[in-house]
Structure formats: C-alpha cells, structure tokens
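Here, each number is a calculation from the coordinates, and none is a lab measurement. Note that this is a predicted model, so its numbers are computed, not measured. Virtual Cβ from ideal backbone geometry, glycine too; neighbours counted across all protein chains shown.
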Amino acid sequence: MTDALQTLFRGVKGAGKRIIAPLQRGDGPNKFRLSAVDTATTTHDGDNGWAKRPPATLECPRCEADILQHNARDNIDCPRCVAEFSHEEFPDLELKSLTCPVCRSEMTHGQRHPESLDIVEWATCDGCRYHWEFKHSYSD
Ligand SMILES: [Zn+2]
Ligand SMILES: [Zn+2]
C-alpha cells in the first residue's frame, strides 16, 4: 500500500516536471512590457501667453460689482450696470482675482515688471499647482 502511494506520488511529480520544463526554457517575463505603464502618465502643469490667461475677476469702475472675464479676448461687461469695456481696456480696470481653469480655486498672481507693464504677468494655483505665465507680448 505504501509503495503504491509512493509510486503514484513519483508518477505525479514526474508528470509535473514534464509539463513545466518546456515553459522554463523560454525567456521569462517581459520586463519592458511591465515598465511601459509608467511612461503613459501626463501632467497638466501650466500655460503661457495672454490668450491662455486664466479667467479674471475685475472690478467695475462705475458700480464696483465683480465682472468675470472668462477669456482674455472677451468683452468685459458688467452684470449689474450698463458699463461695457473691450478686452483692450483690461489694463485700465482693477484686477481682483484670477480663477484656476483646472480646479477653480482663486490663484495667487503678480507682476514681474510693474514699472513697464500694468497687467498681471503670472498666476499660480495653490490648490493644484497649475501655473500661468504671461511671458511674451500683450498681443500674443
Ligand atoms: Zn457696473
Ligand atoms: Zn488649480
């Protein structure tokens, strides 16, 4: 009885080896295919130029209401009074804040050349790290 079990066991082991052996002769797992997943990651970390400026909230010089100018080329129309301004008048109006186009947080903004330009030149979002930089000319 014991001999019979050992013979059976040996037989199973032998069968297992015969099946596994051909697979072990291959090249093994493909390491290139496994690491390729990492390279697919992309991050949206920022934009440059006036056309890509984040949405701005300006103060109406007539009634002091907030005016949201979503795009840098949009007209600036006060939602409360009849005041209307073209996008070229942006530097004449008081900028209250810029809104992050990614997560809609209020951005930290500032100027790099306050003596030569009277407009916002950079903005950073503290929420998602999105950064906008004016960089080129106003007409860009
Ligand atoms: Zn107004
Ligand atoms: Zn953000």
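Numerical summary
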item	result
Cβ-based net charge around residue 65, under 14 Å, with every Lys or Arg adding one and every Asp or Glu removing one	-3
Distant-in-sequence amide H partners of residue 97 (H built 1.01 Å from N, under 5 Å)	57
In nm, spacing of pseudo-spin labels at residue 66 and residue 135 (7 Å Cα→C-beta vector)	2.9
Amide H contacts of residue 76 (H built 1.01 Å from N, under 5 Å, at least 5 apart or other chain)	85, 86, 87
Pairwise Cα inverse-distance average, inverted: Kirkwood Rh of segment 46-133 (Å)	13.3
